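Just below is one structure, and these are the notes that go with it.
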Amino acid sequence: KSTPKPLSAAEKNNALKEWEATPDGILYKEWEASPAGKKVFASAAKISKSVRDSANMEAVVTSLSLPPGSRLGFGVMVRINGDDYILSFGPEKSNELQQLHSLKVNDKIIIRSHSVSYAPKYSYPIVAGDYVERDSKIIYKRAPRKDGC
(Lines give C-alpha, C1' and ligand atoms only; values in the text may rest on other atoms or scores of the structure.)
Protein backbone atom coordinates (compact mmCIF):
# COMPACT_ATOMS: atom_id res chain seq x y z
CA LYS A 1 0.00 0.00 0.00
CA SER A 2 1.20 3.48 -0.74
CA THR A 3 0.59 6.04 1.95
CA PRO A 4 -0.87 9.36 0.86
CA LYS A 5 1.49 12.31 0.93
CA PRO A 6 0.77 14.64 3.86
CA LEU A 7 -0.85 17.94 2.95
CA SER A 8 1.29 21.06 2.93
CA ALA A 9 0.48 23.95 5.26
CA ALA A 10 -1.07 25.90 2.37
CA GLU A 11 -3.25 22.92 1.36
CA LYS A 12 -4.40 22.50 4.97
CA ASN A 13 -5.21 26.20 5.18
CA ASN A 14 -7.23 26.06 1.95
CA ALA A 15 -9.15 22.98 3.12
CA LEU A 16 -9.95 24.73 6.43
CA LYS A 17 -11.15 27.87 4.62
CA GLU A 18 -13.38 25.73 2.37
CA TRP A 19 -14.86 23.92 5.38
CA GLU A 20 -15.48 27.20 7.23
CA ALA A 21 -17.65 28.30 4.29
CA THR A 22 -19.91 25.24 4.62
CA PRO A 23 -23.06 25.39 6.78
CA ASP A 24 -21.38 23.22 9.45
CA GLY A 25 -18.31 25.44 9.42
CA ILE A 26 -20.41 28.58 9.77
CA LEU A 27 -22.35 27.09 12.71
CA TYR A 28 -19.09 26.05 14.39
CA LYS A 29 -17.55 29.53 14.01
CA GLU A 30 -20.73 31.11 15.46
CA TRP A 31 -20.65 28.69 18.42
CA GLU A 32 -16.92 29.33 18.93
CA ALA A 33 -17.61 33.10 19.26
CA SER A 34 -20.72 32.66 21.47
CA PRO A 35 -20.58 32.94 25.29
CA ALA A 36 -21.23 29.17 25.57
CA GLY A 37 -18.36 28.37 23.18
CA LYS A 38 -15.99 30.76 24.95
CA LYS A 39 -16.85 29.12 28.31
CA VAL A 40 -16.09 25.65 26.92
CA PHE A 41 -12.75 26.80 25.45
CA ALA A 42 -11.80 28.55 28.73
CA SER A 43 -12.59 25.40 30.74
CA ALA A 44 -10.56 23.25 28.33
CA ALA A 45 -7.63 25.69 28.56
CA LYS A 46 -7.64 25.42 32.38
CA ILE A 47 -6.67 21.74 32.29
CA SER A 48 -4.67 21.66 29.04
CA LYS A 49 -1.26 21.60 30.78
CA SER A 50 -2.31 18.70 33.03
CA VAL A 51 -3.63 16.82 29.99
CA ARG A 52 -0.51 17.53 27.94
CA ASP A 53 1.69 16.28 30.82
CA SER A 54 -0.67 13.35 31.58
CA ALA A 55 -0.67 14.60 35.17
CA ASN A 56 -3.05 13.56 37.93
CA MET A 57 -6.13 15.79 38.25
CA GLU A 58 -8.43 15.77 41.26
CA ALA A 59 -12.10 15.54 40.30
CA VAL A 60 -15.45 15.13 41.99
CA VAL A 61 -18.21 13.11 40.31
CA THR A 62 -21.24 15.40 39.84
CA SER A 63 -23.51 13.13 37.78
CA LEU A 64 -23.54 9.49 36.74
CA SER A 65 -25.20 10.25 33.42
CA LEU A 66 -24.14 12.35 30.46
CA PRO A 67 -26.21 15.24 29.08
CA PRO A 68 -29.41 14.14 27.25
CA GLY A 69 -28.78 13.13 23.63
CA SER A 70 -25.09 12.37 24.19
CA ARG A 71 -23.52 9.87 21.85
CA LEU A 72 -20.18 9.46 23.61
CA GLY A 73 -20.67 5.97 25.03
CA PHE A 74 -20.12 5.50 28.75
CA GLY A 75 -19.13 8.51 30.83
CA VAL A 76 -19.80 10.61 33.91
CA MET A 77 -19.85 14.32 34.68
CA VAL A 78 -17.02 15.60 36.88
CA ARG A 79 -15.92 18.91 38.39
CA ILE A 80 -12.24 19.84 38.20
CA ASN A 81 -11.07 23.12 39.76
CA GLY A 82 -14.61 24.49 39.84
CA ASP A 83 -15.51 23.71 36.19
CA ASP A 84 -17.70 20.88 34.89
CA TYR A 85 -16.44 18.37 32.31
CA ILE A 86 -17.71 15.27 30.55
CA LEU A 87 -15.39 12.37 31.45
CA SER A 88 -15.85 9.97 28.56
CA PHE A 89 -14.62 6.40 28.28
CA GLY A 90 -15.97 5.57 24.82
CA PRO A 91 -18.15 2.63 23.84
CA GLU A 92 -19.34 0.41 26.66
CA LYS A 93 -17.35 -2.82 26.76
CA SER A 94 -18.24 -5.82 28.87
CA ASN A 95 -15.70 -6.00 31.72
CA GLU A 96 -13.34 -3.14 30.93
CA LEU A 97 -15.57 -0.45 32.49
CA GLN A 98 -17.19 -2.62 35.17
CA GLN A 99 -15.52 -0.97 38.19
CA LEU A 100 -16.50 2.49 36.95
CA HIS A 101 -20.15 1.57 37.55
CA SER A 102 -19.37 1.62 41.29
CA LEU A 103 -18.79 5.41 41.18
CA LYS A 104 -21.24 7.54 43.12
CA VAL A 105 -22.06 11.25 43.04
CA ASN A 106 -19.60 13.26 45.18
CA ASP A 107 -16.88 10.57 44.94
CA LYS A 108 -13.44 12.18 44.89
CA ILE A 109 -11.32 10.63 42.14
CA ILE A 110 -7.93 11.13 40.51
CA ILE A 111 -7.98 11.08 36.71
CA ARG A 112 -5.48 11.24 33.87
CA SER A 113 -6.28 11.99 30.26
CA HIS A 114 -4.53 12.28 26.91
CA SER A 115 -7.01 14.65 25.26
CA VAL A 116 -9.70 17.26 25.73
CA SER A 117 -12.16 17.93 22.94
CA TYR A 118 -15.29 20.00 22.42
CA ALA A 119 -18.29 20.16 20.15
CA PRO A 120 -21.10 22.69 19.74
CA LYS A 121 -23.56 19.98 20.79
CA TYR A 122 -22.13 19.88 24.34
CA SER A 123 -21.93 22.70 26.91
CA TYR A 124 -18.85 21.12 28.50
CA PRO A 125 -15.37 20.08 27.35
CA ILE A 126 -15.02 16.33 26.80
CA VAL A 127 -12.12 14.73 28.69
CA ALA A 128 -11.00 11.30 27.46
CA GLY A 129 -10.63 9.05 30.51
CA ASP A 130 -7.36 7.09 30.53
CA TYR A 131 -6.94 6.41 34.24
CA VAL A 132 -9.23 6.67 37.27
CA GLU A 133 -8.25 6.15 40.89
CA ARG A 134 -10.52 6.29 43.96
CA ASP A 135 -9.26 5.94 47.55
CA SER A 136 -5.73 5.17 46.26
CA LYS A 137 -7.07 2.19 44.24
CA ILE A 138 -7.00 2.06 40.44
CA ILE A 139 -10.52 1.44 39.19
CA TYR A 140 -9.84 2.02 35.50
CA LYS A 141 -6.79 2.10 33.25
CA ARG A 142 -7.17 2.32 29.49
CA ALA A 143 -5.53 -0.64 27.75
CA PRO A 144 -2.80 0.39 25.30
CA ARG A 145 -3.75 0.25 21.64
CA LYS A 146 -2.78 -2.97 19.91
CA ASP A 147 -2.30 -1.51 16.43
CA GLY A 148 0.56 0.94 16.93
CA CYS A 149 1.53 3.86 19.10
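The values are calculated or read from the model by the stated rules, or taken from the named source; none is laboratory data. Quick caveat: nothing in here was measured; it's all calculated off a predicted structure. Positions of Cβ are generated from backbone atoms using ideal geometry, with glycine treated the same way; all protein chains shown enter the neighbour counts. The accessibility values were calculated without ligands, DNA or RNA, using every heavy atom of the protein model including side chains. Shrake-Rupley method; radii C 1.70, N 1.55, O 1.52, S 1.80 Å.
Tabulated data for the structure shown
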read-out	value
Over the chain, relative contact order from alpha-carbon pairs under 8 Å, at least 6 apart, %	21 percent
Neighbourhood charge, 13 Å Cβ-Cβ cut-off, centred on HIS101 and excluding it, Lys, Arg +1 and Asp, Glu -1	0
Degrees, to the nearest 10: 23-33 long Cα axis against longest axis of the chain	60 degrees
Qualifying GluC sites (Glu not before Pro) in segment 39-99, DSSP loop, other Cβ atoms within 10 Å at most 13	GLU92
Helix-only mean residue ellipticity at 222 nm for the chain, each DSSP H run of n ≥ 4 adding -39500 (n - 2.57), per residue, nearest 500	-9000 deg cm²/dmol
Pairs beyond 28 Å (Cα-Cα), from LYS12/LYS49; LYS46/LYS121; LYS38/LYS104; LYS5/LYS38; LYS12/LYS121; LYS49/LYS121	LYS38/LYS104; LYS5/LYS38
At 1.002 mPa s and 20 °C, Stokes D of segment 84-149 from Kirkwood alpha-carbon radius, µm² per second	163 µm²/s
Reciprocal of mean inverse Cα separation for segment 1-44 (Kirkwood radius, Å)	12.5 Å
Degrees between helix 9-20 axis and first principal axis of the chain (Cα, 0 to 90, nearest 10)	80 degrees
For ARG142, distant residues with modelled amide H under 5 Å away	TYR131
GLU96 versus LEU64: modelled label distance in nm, points set 7 Å from Cα along the beta carbon direction	2.2 nm
Segment 30-58 versus segment 69-121: alpha-carbon centroid distance in Å	15 Å
Rounded to 10°, Cα long-axis angle of helix 35-52 versus longest principal axis of the chain	70 degrees
Equivalent ellipsoid dimensions for the chain as semi-axes, Å, which come from the Cα gyration tensor, largest first	30, 21, 15
Residue of GLY129, GLY69, GLY90 that the Gaussian network model of the chain assigns the largest fluctuation, springs spanning Cα pairs under 10 Å	GLY69
Accessible solvent surface per residue of segment 18-149, calculated while the other protein chains remain in place, 1.4 angstrom probe, Å²	61 Å²
